[in-house]
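The values are calculated or read from the model by the stated rules, or taken from the named source; none is laboratory data. The shown structure was predicted, so the numbers you read here are calculated from the model rather than taken from an experiment. Cβ placement follows ideal geometry from the backbone for every residue including glycine, while neighbour counts extend to all protein chains displayed.
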Amino acid sequence: MIQNLVFDMGNVLIKYDVEAYIGRFVTEPGDRSILRNELFRSLEWVSMDRGRLMPEQAWELIRPRIPPALQVPARRCLLEWHQELTLQPGMEALLAQLKKAGCNLYVLTNASRLYHVYRRGMQPLLQYMKGEFVSADWGLLKPQPEIYRTFTQYFHLLPSETLFIDDLPLNAAAALDCGWSAIVFHGEVDALIKALRQQDLTPETQAALAELS
């Protein structure tokens, strides 16, 4: 029976909208393309999530690829994209019900060490969490099997009692391969509630979800 529910952050707990973040700093299509590719789709971004680079170190590697006229907004985008986070509508009510029903709630996210700065903006959701596991702190990334195994070992959880909710099928499938249950989240909390009700949850959790349906 599932006792532990583990939530991804981007596009699960919060709306992760790269185009909106970029649009706060540049507006021209060509400029937006440069920031999209050289920041959010860069190897340096992955290295930050893996904990191998701090943001300022990443910027020093990225900077030579950015046209001089874009370097100020590009640097600001890299370091400040997280300053306007949008919580997933309906998620706080769901977490409150799950916590009330006795579920153990956790975060498992690919994120740089900036997470420890911008997590303050997610406090309405994080208040319900029993633990947070950030990829950069461990030098691991989803969908590596090691991150799921390390997670359950660190929090002393049984994979068979743990369910992962992620917006990327690849990450959810990797959790399944490690003996977890998994749900792919497509942006609708109501659909997530329906999917959860099909899982082997405790009677208390099922009753709590029924109140939200």
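Within region 101-145, being of a type in the set (D, E) and exposed (fewer than 15 other Cβ atoms within 10 Å of the Cβ) holds for one residue alone: D137. Contact annotation: residue pairs with Cβ atoms under 6 Å, 6 or more positions apart or on different chains, pairing a residue in region 43-62 that is in the same structural domain as L78 (by TED's automatic domain parsing) and at positive phi with a partner that is surrounded by 17 or more Cβ atoms within 10 Å (Cβ to Cβ) and modelled with pLDDT of 95 or more, are G51/A136.
Can you find a residue that is touching a Lys or Arg at 6+ places or on another chain (Cβ under 7 Å) and either not acidic (D, E) or not in a helix (DSSP H, G or I) (or both) anywhere in region 28-48? Looking through region 28-48, none of the residues is touching a Lys or Arg at 6+ places or on another chain (Cβ under 7 Å) and either not acidic (D, E) or not in a helix (DSSP H, G or I) (or both).
Inside region 65-100, can you point out the residues that are surrounded by fewer than 16 Cβ atoms within 10 Å (Cβ to Cβ), farther than 25 Å from S112 by Cα and under 19 Å from the mean Cα position of the chain (by Cα)? Within region 65-100, G90, A93 qualify.
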